[in-house]
1. Select from the range 14-26 the residues that are surrounded by 12 or more Cβ atoms within 10 Å (Cβ to Cβ) and either farther than 18 Å from Leu222 by Cα or not assigned by TED's automatic domain parsing to the domain that holds Ala187 (or both) and list them in ascending order.
2. Can we say Leu254 is buried (at least 16 other Cβ atoms within 10 Å of the Cβ), under 18 Å from Leu45 (Cα atoms) and at pLDDT below 85?
3. For the list (1) more than 30 Å from Ile29 (Cβ to Cβ); (2) modelled with pLDDT of 80 or more; (3) not polar (S, T, N, Q), I need the number of the one condition that Leu180 fails.
4. Name the residues in the range 108-157 that are among the hydrophobic types (A, V, I, L, M, F, W, C), modelled with pLDDT of 85 or more and more than 37 Å from the chain's Cα centre (by Cα), would you?
5. Just checking, which of Gly53, Gly41 is within 40 Å of the chain's Cα centre (by Cα), modelled with pLDDT under 85, buried (at least 17 other Cβ atoms within 10 Å of the Cβ) and not in a loop (DSSP other than H, G, I, E, B)?
6. Are any residues in the range 27-38 surrounded by fewer than 17 Cβ atoms within 10 Å (Cβ to Cβ) and β-branched (Val, Ile, Thr), and if so, which ones?
7. Among the residues of the range 83-99, is any more than 35 Å from the chain's Cα centre (by Cα), among the polar types (S, T, N, Q) and at pLDDT below 85?
Amino acid sequence: MNWLSAHGRAMQLALARLIAAPLNTLLSILGIGILLALPAGGQWLLEHLAALGRGAAATPQLTIFLQVEAERPAAEEIVARLKKRAEVAKVELLAREDTLERMKRQESLADVIAALPKNPFPDAIVVTPADENPVTLEALATEARQWRQVEAVQIDSDWARRLSALLHLARIGLGLLATLLGLGLVAITFNTIRLQVLTREAEVEVSRLLGATDAFIRRPFLWYGALLGLFGGAMAWLIVAAAMFALRLPVAELAQLYGIELELALPTLPFSAMLLGAAAFLGWLGAALSLRQQLRAP
């Protein structure tokens, strides 16, 4: 109970010190917020892209495009061949006539399609594999490319794999950026606490003469650093939330042009808690390192 009350008093004293210098506190919080907003915003965007990749990769399919001049019996023969294979769960023939009708219903393409002398679209066969193993799917695609009348074979999950590789690279880069900016936050807190100690050097000496322990002297400064980091984390959250809100409609419109459903959302509760906790810890760490150098026993 005494331990909790001691920390409560230390936290109140730290808050009072923060409020006593509003301009310096606001500038420090803003600087920390900007530092943390960059990796936090990047991580939240990666979460959206990762979810998009997982959703696309959930049902990989193989699309076989026949040559434009290929006759319908050739497509039907390939469909029959695929249905006999154990690794194939479903086969669907997309007739070139149906594709043409769908394209005509697109207002932006209707005039162009009407001006064409003949149907430019080939028959296509969509294959849903029973085994979603990438190796099995790639083997089937390699074999299908060798068949007569086949123009191209596309694995619909290829782009999701490329996205996954790009996300992996982006996470590494983001981790390096977060480390550097986290060190920047520690440096800001380190210097702030150093100035706090220097301005209260006489107060610290008097406390020691009165018998105050090192833990008693350090506690308010540690809370000062932790609260500074916590408020900086809250500022970073506000910056990220404002950015997500401002980009929500433009990103949704851009994604819709590519046939993708992507809507930016505000940071979730676990993500927000992680951000605030990490910010508070880094602020505390900077304060602890500064105190280790500044408050050495005489």
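The values are calculated or read from the model by the stated rules, or taken from the named source; none is laboratory data. For clarity, every value in this text was computed on a predicted model and none was experimentally measured. Counting neighbours? That spans all protein chains shown, and the Cβs are built from the backbone with ideal geometry, glycine included.
1. Of everything in the range 14-26, just one residue is surrounded by 12 or more Cβ atoms within 10 Å (Cβ to Cβ) and either farther than 18 Å from Leu222 by Cα or not assigned by TED's automatic domain parsing to the domain that holds Ala187 (or both), namely Leu26.
2. Judged against the criteria, Leu254 is not a match.
3. Result: Leu180 fails condition (1) only.
4. Across the range 108-157, the qualifying residues are Trp147, Val150.
5. Gly53
6. The one that is surrounded by fewer than 17 Cβ atoms within 10 Å (Cβ to Cβ) and β-branched (Val, Ile, Thr): Ile34.
7. Yes, the range 83-99 contains a residue that is more than 35 Å from the chain's Cα centre (by Cα), among the polar types (S, T, N, Q) and at pLDDT below 85.
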